[in-house]
Amino acid sequence: MIRGSCLCGVVTYEIHGQLQSMTHCHCSMCRKIHGTPFATYIGVKGVHWLTGQNNISRYESSKNFHRCFCDQCGSVLPEESEDATDCFFVPAGGLIDPIQIRPQSHIFASSAASWYHIADDLPRHNGYSADDDSGIDQASRAGAHVNAVGGSCLCGEVAYRYRGEPNFMMYCHCTRCRQVKSAAHASNVFVDPEKFEWVKGEQQVVRYKLPAAERFGNSFCKTCGSSMPRVLPTMVVIPAGALDDDPGIEPRGHIYTASKAEWFDIADEYPQFAEGPPA
Ligand SMILES: [Zn+2]
Ligand SMILES: [Zn+2]
Ligand SMILES: [Zn+2]
């Protein structure tokens, strides 16, 4: 039995049956919900909620298809479909037991974020499979840096932006980031607080602070669960996957790779740090 959990531990679940498929999805909905450049989903026969059923929030992102998240900590949970198919899609980052399956392809690759380049050799599809392919044409990077970079949630109730240069971008593989984003790793842009502003819906943002941690937390939209910026006294941490504009910078590297998901291979050339970034 393979179990999964949200970061705060209120919602737990287990997977029934075979793991049927595993794909990296680059669609804009996954990017906003997870706040990451891609989400990694496993197709399974069934998911059994073990605890915390009353704390699961659902957002209908497509007809009869619900994105689920913990209303306490915002962790992305397995998706539910009301269709007759008994297939569930489970975000791999939330699983706590080892799995015997590896990612097989990139799907919706033509929707990939302009700033993210897919570096591995897995097959890339425009839709769900090779049937949808007619040449991948990923959005190209805007050359000039726009003067404000905006982001928003999937339901559209919350929007924000920052002006000027961000400080840096980083990919984080720590266990907490993986669990709360339910993804291979977090991808954050760090900006100074005075450069950041909420455009609308700030009151919709739920802020969760992990009790055991000095600083670690998560912010998310109350309605759709999309990953949201965290405004801290000295910096704002913005989930890059939820941005609507190209942030115009490259990641400085991968941090906490000692905690990396065993199913994820880092294929790009960015520097890797086993723990936190060097001072
Ligand atoms: Zn939770
Ligand atoms: Zn997707
Ligand atoms: Zn929302």
Need a quick list: strands (runs of 3 or more DSSP E) entirely within segment 1-90 having at least 2 residues that are away from ligand 1 (no atom under 16 Å from the Cβ).
12-25, 39-51, 56-62, 65-70, 76-81
Can you list residue pairs whose Cβ atoms sit under 6 Å apart, with the first residue in segment 1-21 being within 10 Å of GLN72 (Cα to Cα) and the second being within 16 Å of ligand 2 (Cβ to nearest atom) and modelled with pLDDT under 95? Count only pairs 6 or more apart in sequence or on different chains.
none
Which pairs do you get when a residue that is without any contact (Cβ under 8 Å) to a residue 12 or more places away in the chain and outside the structural domain of THR23 (by TED's automatic domain parsing), found in segment 251-279, comes within reach of a residue that is hydrophobic (A, V, I, L, M, F, W, C) and surrounded by fewer than 14 Cβ atoms within 10 Å (Cβ to Cβ), reach meaning Cβ atoms under 9 angstrom, with the pair 6+ apart or on two chains?
none
Selection within segment 47-68 - touching a Lys or Arg at 6+ places or on another chain (Cβ under 9 Å) and either of a type in the set (D, E, K, R) or closer than 13 Å to CYS30 by Cα (or both)
ARG58, TYR59, GLU60, SER61, HIS66, ARG67, CYS68
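Every residue, every condition in (1) closer than 20 Å to ALA261 by Cα; (2) within 16 Å of ligand 2 (Cβ to nearest atom); (3) polar (S, T, N, Q), yes or no:
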site	(1), (2), (3)
ILE99	yes, no, no
PRO103	yes, yes, no
ALA109	no, yes, no
SER114	no, no, yes
HIS125	no, yes, no
ASP131	no, no, no
Anything in segment 53-85 that is of a type in the set (Gly, Ala, Ser) and either buried (at least 21 other Cβ atoms within 10 Å of the Cβ) or touching an Asp or Glu at 6+ places or on another chain (Cβ under 9 Å) (or both)? List them, or say none.
SER57, SER61, GLY74, SER75
Whichever residue in segment 3-25 is touching a Pro at 6+ places or on another chain (Cβ under 8 Å) and buried (at least 24 other Cβ atoms within 10 Å of the Cβ) and, among such residues, is farthest from ILE266 (Cα to Cα)
TYR13
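Quick grid of which residues meet (1) more than 16 Å from ligand 3 (Cβ to nearest atom); (2) at pLDDT below 95; (3) part of a strand (DSSP E or B):
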{"position": "SER134", "(1), (2), (3)": "yes, yes, no"}
{"position": "ARG141", "(1), (2), (3)": "yes, yes, no"}
{"position": "VAL146", "(1), (2), (3)": "yes, yes, no"}
{"position": "GLY150", "(1), (2), (3)": "no, no, yes"}
{"position": "CYS155", "(1), (2), (3)": "no, no, no"}
{"position": "TYR160", "(1), (2), (3)": "no, no, yes"}
{"position": "VAL180", "(1), (2), (3)": "yes, no, no"}
Residue under evaluation GLU194, criteria (1) at pLDDT below 95; (2) farther than 21 Å from ALA112 by Cα, criterion not met
(1)
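Can you go through PRO98, PRO103, PRO37 and tell me which one is in contact (Cβ under 8 Å) with a residue 12 or more places away in the chain and out of contact with any Ser or Thr (no Cβ under 8 Å at 6 or more places or on another chain)?
PRO98
The values are calculated or read from the model by the stated rules, or taken from the named source; none is laboratory data. None of these values were measured; they are calculated from a predicted model. Virtual Cβ from ideal backbone geometry, glycine too; neighbours counted across all protein chains shown.
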